Every structure is written in structure tokens, then in C-alpha cells.
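Student: First the structure, which I've put down as C-alpha cells, then a few questions once you've had a look.
The values are calculated or read from the model by the stated rules, or taken from the named source; none is laboratory data. These numbers come from a predicted model, not from an experiment. FYI the Cβ positions are ideal-geometry reconstructions off the backbone, even for glycines, and counts take in every protein chain you see. When the accessible area is computed, the model is the full protein with side chains, heavy atoms only, and any ligands, DNA or RNA have been set aside. Shrake-Rupley method; radii C 1.70, N 1.55, O 1.52, S 1.80 Å.
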Amino acid sequence: MNFMLRMNLNIAIVSMVRPITVKDGLKSEYYGNHSLLHNTSYLNDTNKDNVNVFEWDEHQQNMAKGSFFWLHMVLQIPGGLLAQKFGAKTIFGFSNGLVSLLTCVIPLSAKFNFNVLILIRVFQGLIAGLAWPSMQAMTGKWIPPHERSRFVSAYLGTSVGTAVTYIVCGYLMDWLGWESVFYTTGLIGLVWHLFWNYLVYDSPRTHPTITEKELKYIENSLGNSIVKNVSSSTPWKSILTSLPLIVNIISQIGYNWGMYTISLQAPTYFKFVLGFDLKQTGIWSGVPHLFLWPFAFSFGCLCDHLIQAKIMSITNVRKVACVFSNIVHGLFILTFAYSGSNEVFVIFNLICAVVVSGAISSGALPGIVDLAPNFAGVLQGINGTIVILCISISPYIVGLITYQQQTIEQWKKVFIVSAAFCSLTGIAFLIFGSSKLQKWNNEEQKDVKEIQPIV
């Protein structure tokens, strides 16, 4: 649901804008003769009602896609601190609930004025910045270390949200117009908000129906990595100078750059470069994400087994996961870049690139919690601030590279940059990364040792 609200515009925009053809002065490519899904009506199916179609150029389109992230980093650190003080239930629920409400006014704002649309998206991104840091704070209180890889794969419900949004919204636009995308996703978010408030609790001890057996299991598994009353004093100096945290953040910058580039730009690439129609664009933009979560969960089960059986250390498991989430992920983006107009090869490489990225749920993502469960929300806030600040410029760079040149050669440059960045940051994590519990997690805690590596 969280990603549904941020990704809906990326698919809707292919129906919101008027396709610009060669006669308009734009160098575009459409490989209809090579298409397995050939449909010559792609220039006419953008929107049944031309009154509601906007003449936005590439810069404006990428502004609309990227504006969500312009201030997304501002409330990342406050989100972690607020979750520490008021609980993740309140902060995460408020964040997603308000973003859902704002989603419902996007059609009206887009028709009124382009700048108003941008303002709404910027405000959505600002409020959404509270969400992920607060989730990490909740994970630190609920999930034993040897179950974190499996549980954090639930974060990649983001992939399910992306897939369902792209696939379903492709049909919604074809049947009801692009406005239905925002009304539908906004309503789903508001219904989710009601269930969240009723069902979720901040910690095992505050849950009214948890069994004594499960409560003891969770608290004993967490041991002294979590203290019931965390000091209000956050060890900022230790956090900001922590090499394991810095390297973790670097690896997540690379992963997110690669993942956000292919997720945000795939609909535009399929529609205006390869010439897919609306339904095909939605299907092939979304299908790869359907396979991501099953891979992430299966990979997480394997990683948790390696940790629980003491076959590998937590650090080594996180590094193995990083090989897939960054390095292999980057290689598939590179082959995607060189796929040209071969649609089978394009879709195959896109699916592989998206699927292997699911290893992040067993790598750097739970690695944040490993370092300091007591301050997981704050650490995720710092991580989110830096990561979003870096990847927010990605749509701008895409706009510069592809401006009036919607060609495969120009898009190849976009994906090569993403592939290189993704893989190089993964190599950095392999060399310098660590998931050892940090001393500053609890100053009173002494002699905390990580499982020693066997492999």
C-alpha cells in the first residue's frame, strides 16, 4: 500500500500526457515490426478524452515523477525519533493515512495547474518520509535476530504494491481513464488505515492477545540488545562516525538508485520507446515485481537458517545477500540496457533485475537493525535521508539524457549509469561492511559478541 501510493503516478502519467511523435520534433523510436505485442494503436490509446491529456515535455514528466522525493528525506530522522517517543503504530499510520487522503485530490490538482500537482506530490513525499524509519523501530522490538531476514522480506510487500498498481492501473486507465488510478489507490489506503489502527501494537508486551509463551520467546530471543526504557540521549557522535553504518548506507544508495530507475522509468520506456499500449505497459511493468517477494522470502529463510545453525556469521550472510541485491542486480540492469528492441530479452532481464534485488531484505536492510536495535528508527532515518537525497536526482538526470531523444541509445546511457552505481556500491559493502552489534547500542552492555564466522 505504501508503494502503491508513491508509484501510481509513474503508470498513470503514460495516459496523462499526449504522446509526442517525430513530427513534433522529438526523436522517438517504435519497433513495431519487431514487436511480439504489436499494436499500432498505441499513439491513440493514451486517453479516450483528449481534454484530460496534458502536453508535458520530458522535463515536466520527470519533475512529476521525482517531486515525491524532493523533501522525502526531511522527516526521515524525525520519523525515527518520533517512533521512539510515540510508537511506530501512531507515526506509520498517520503517515500513510494522510498520503492516501492527498492521493484522492491529485486528479483535481493536475487539471487545475501543473505546479499545484507538483506541490501535492512534494507534500506527499514529505509526510511519507515518516514511514520507513518508524517501521524499523517496530522491527527492533518485535523480531528476533535469527528471524529478521524472513520478516524484513515483508517490507518487500513494496514489490507486490508496485506490481498490482502497474497491472491493475493499466486496465483502469483503459476502462475508466487515468483519474481512476488515484481515486482507487487513495481509497484502498484509507481502508488500510482503519485496519492498521485496530490491529497493530508497538511491542509484544503491549499486545492484548499475545500468549505468554510467545512473549517470553520474543523477549528471550532479543536478550539485552533491546532495553525497555531507552535513554533519551541518542549517541549521535558514535552513530555519525560508525563505519559499518556509513558503508551500509552507501550500499543502499546504489541498490535504490538501480531499483528506482527501473521501477520509475519502465512504464515510460515501454510506452514511448518500445511502443506498448496501456494494458501491455501496465502488465510488463508490473509482472517482474510479482516474483520479487517470493524470492526475498525464500532467500530470507535460507539466510536465517545459516545464522541460526551457526553456519555463517550475521555479517557474512548480509554480504552474500549484498552480492545479489547490488552486484548481480547491477549486471542484469546492464544486460537490460543492451537488450535493444528484443522484447523477450528486455522483459527477461527486467524480471531478473527486479527479482534478485529482493535479497536486500536479507542484506543491508536488516543490517541497519543488527547494528543497534535500540536506535533502529534513528539509524533508518539517517539512512533514508541520505539515500533519498541521492536518488531524488535520478529522474532529473533521466530527463536530461532523454530530452527530445526518446531513443534506445539514450535510454541505454540511463541504465548503464544505474548498473555501474549499483554494482560498485555493493563491492564497497563486501570490503568494509559489518553487522556486528555496536557498543553504543547500550552503553551498559558489555562483551557483546557476534556469532563467529565458520565460512
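Student: Go through ILE401, ILE416, ILE391 for me and flag whichever is more than 16 Å from ILE253 (Cβ to Cβ) and either crowded, with 17+ Cβ neighbours inside 10 Å or free of Cβ contacts under 8 Å to residues at least 24 places away in the same chain (or both).
Tutor: Values: ILE416 fails: either crowded, with 17+ Cβ neighbours inside 10 Å or free of Cβ contacts under 8 Å to residues at least 24 places away in the same chain (or both); ILE391 fails: more than 16 Å from ILE253 (Cβ to Cβ).
From the options ILE401, ILE416, ILE391, the qualifying one is ILE401.
Student: Does the stretch 250-259 contain any residue that is part of a helix (DSSP H, G or I), surrounded by fewer than 22 Cβ atoms within 10 Å (Cβ to Cβ) and among the hydroxyl-bearing types (Ser, Thr, Tyr)?
Tutor: For the stretch 250-259, residues part of a helix (DSSP H, G or I), surrounded by fewer than 22 Cβ atoms within 10 Å (Cβ to Cβ) and among the hydroxyl-bearing types (Ser, Thr, Tyr): absent.
Student: Identify, please: which residue in the stretch 69-107 is surrounded by 20 or more Cβ atoms within 10 Å (Cβ to Cβ) and of a type in the set (S, T, N, Q) and is, among those, modelled with the lowest pLDDT?
Tutor: Here the residue is GLN84.
Student: Which of the residues spanning the stretch 151-171 are under 10 Å from LYS279 (Cβ atoms) and open to solvent by 20 Å² or more (accessible area, probe 1.4 Å)?
Tutor: Correct list: ILE167, TYR171.
Student: Can you confirm whether the stretch 431-445 contains a residue that is touching a Cys at 6+ places or on another chain (Cβ under 8 Å) and farther than 22 Å from PHE69 by Cβ? Give the steps one after another, and end with the answer.
Tutor: Step one: of the stretch 431-445, the residues touching a Cys at 6+ places or on another chain (Cβ under 8 Å) are 433.
Filter again for farther than 22 Å from PHE69 by Cβ, leaving 433.
For the stretch 431-445, residues touching a Cys at 6+ places or on another chain (Cβ under 8 Å) and farther than 22 Å from PHE69 by Cβ: present.
Student: Checking the condition crowded, with 17+ Cβ neighbours inside 10 Å, of a type in the set (S, T, N, Q) and in contact (Cβ under 8 Å) with a residue 40 or more places away in the chain, which residue from ASN342, ASN326, ASN349 passes?
Tutor: Values: ASN342 fails: crowded, with 17+ Cβ neighbours inside 10 Å; ASN349 fails: in contact (Cβ under 8 Å) with a residue 40 or more places away in the chain.
Selected residue: ASN326, the only one of ASN342, ASN326, ASN349 that is crowded, with 17+ Cβ neighbours inside 10 Å, of a type in the set (S, T, N, Q) and in contact (Cβ under 8 Å) with a residue 40 or more places away in the chain.
Student: Out of the residues in the stretch 329-339 meeting the condition of being of a type in the set (A, V, I, L, M, F, W, C) and surrounded by fewer than 22 Cβ atoms within 10 Å (Cβ to Cβ), tell me which one is nearest to GLN406 (Cα to Cα). Spell out the reasoning first.
Tutor: Narrowing the stretch 329-339 to residues of a type in the set (A, V, I, L, M, F, W, C): 331-334, 336-337.
Remaining after also requiring surrounded by fewer than 22 Cβ atoms within 10 Å (Cβ to Cβ): 331, 334, 337.
On the way: LEU331: 23, LEU334: 19, ALA337: 14 Å.
Selected residue: ALA337.
Student: Suppose the filter is in contact with a Pro (Cβ under 6 Å, 6 or more places away or on another chain) and open to solvent by less than 40 Å² (accessible area, probe 1.4 Å); does THR315 pass it? Even if it seems obvious, please write down each step before you answer.
Tutor: Working: in contact with a Pro (Cβ under 6 Å, 6 or more places away or on another chain): no; open to solvent by less than 40 Å² (accessible area, probe 1.4 Å): yes.
No, not satisfied.
Student: So, one more: What is the number of the single condition among (1) at pLDDT 65 or above; (2) surrounded by fewer than 17 Cβ atoms within 10 Å (Cβ to Cβ); (3) over 30 Å from ILE239 (Cβ atoms) that LEU43 does not meet?
Tutor: (1)
Student: So which of GLY275, GLY282, GLY286 is surrounded by 24 or more Cβ atoms within 10 Å (Cβ to Cβ), modelled with pLDDT under 90 and on the phi > 0 side of the Ramachandran plot?
Tutor: GLY275
Student: Please note which helices (runs of 4 or more DSSP H) are completely contained in the stretch 305-404 and include at least 2 residues that are among the acidic types (Asp, Glu). Steps first, answer last, please.
Tutor: Details: elements: 314-322, 329-337, 343-356, 364-371, 376-391, 394-402.
Output list is empty.
Student: Could you grab the pairs with beta carbons closer than 7 Å, sequence gap of 6+ or different chains, first residue in the stretch 1-17 and farther than 17 Å from VAL99 by Cβ, second one surrounded by fewer than 23 Cβ atoms within 10 Å (Cβ to Cβ) and of a type in the set (Phe, Trp, Tyr)?
Tutor: MET16/PHE54; VAL17/PHE54; VAL17/TRP56
Student: Oh, and also: Just wondering, is there one or more residues in the stretch 259-271 that are β-branched (Val, Ile, Thr) and under 16 Å from the mean Cα position of the chain (by Cα)?
Tutor: Kept after step one, since they are β-branched (Val, Ile, Thr), are these residues of the stretch 259-271: 261-262, 268.
From the residues that got through so far, the ones that are under 16 Å from the mean Cα position of the chain (by Cα) too are 261-262.
The answer is yes, given that some residue of the stretch 259-271 is β-branched (Val, Ile, Thr) and under 16 Å from the mean Cα position of the chain (by Cα).
Student: Mind listing whichever residues of the stretch 422-444 are among the basic types (Lys, Arg) and in contact with a Ser or Thr (Cβ under 7 Å, 6 or more places away or on another chain)? Please lay out each step first, then the result.
Tutor: Initial filter on the stretch 422-444 (among the basic types (Lys, Arg)): 436, 439.
The one that is among the basic types (Lys, Arg) and in contact with a Ser or Thr (Cβ under 7 Å, 6 or more places away or on another chain): LYS436.
Student: Here's something else I'd like to know. Given the criteria open to solvent by 20 Å² or more (accessible area, probe 1.4 Å), touching a residue at least 60 places away in the same chain (Cβ under 8 Å) and either under 30 Å from GLY340 (Cα atoms) or hydrophobic (A, V, I, L, M, F, W, C) (or both), does LEU222 qualify?
Tutor: Details: open to solvent by 20 Å² or more (accessible area, probe 1.4 Å): no; touching a residue at least 60 places away in the same chain (Cβ under 8 Å): yes; either under 30 Å from GLY340 (Cα atoms) or hydrophobic (A, V, I, L, M, F, W, C) (or both): yes.
So LEU222 does not fit the description; no.
Student: Just to check your reading of the model, which residue among LYS446, LYS436 is over 24 Å from TYR155 (Cα atoms) and either at pLDDT 90 or above or surrounded by fewer than 19 Cβ atoms within 10 Å (Cβ to Cβ) (or both)?
Tutor: Values: LYS436 fails: over 24 Å from TYR155 (Cα atoms).
Of the residues listed, the single one that is over 24 Å from TYR155 (Cα atoms) and either at pLDDT 90 or above or surrounded by fewer than 19 Cβ atoms within 10 Å (Cβ to Cβ) (or both) is LYS446.
Student: Among the residues of the stretch 139-150, count how many are modelled with pLDDT of 85 or more and either at positive phi or open to solvent by 10 Å² or more (accessible area, probe 1.4 Å) (or both).
Tutor: Qualifying residue count, the stretch 139-150: 4.
Student: How many of the residues in the stretch 173-203 are assigned to a helix (DSSP H, G or I), of a type in the set (Phe, Trp, Tyr) and either buried (at least 18 other Cβ atoms within 10 Å of the Cβ) or touching a Lys or Arg at 6+ places or on another chain (Cβ under 6 Å) (or both)? Break it down into steps so the answer makes sense when it comes.
Tutor: Keep residues of the stretch 173-203 that are assigned to a helix (DSSP H, G or I), which gives 173-176, 179-199.
Checking the rest, the ones that are also of a type in the set (Phe, Trp, Tyr) come to 175, 182-183, 192, 195-196, 198.
Subset that is either buried (at least 18 other Cβ atoms within 10 Å of the Cβ) or touching a Lys or Arg at 6+ places or on another chain (Cβ under 6 Å) (or both): 182, 192.
Total meeting the criteria: 2.
Student: Between ILE143, ILE77, ILE91, ILE120, which is more than 21 Å from PHE375 (Cα to Cα), among the aliphatic types (A, V, I, L, M) and over 17 Å from the mean Cα position of the chain (by Cα)?
Tutor: Matching residue, one of ILE143, ILE77, ILE91, ILE120: ILE120.
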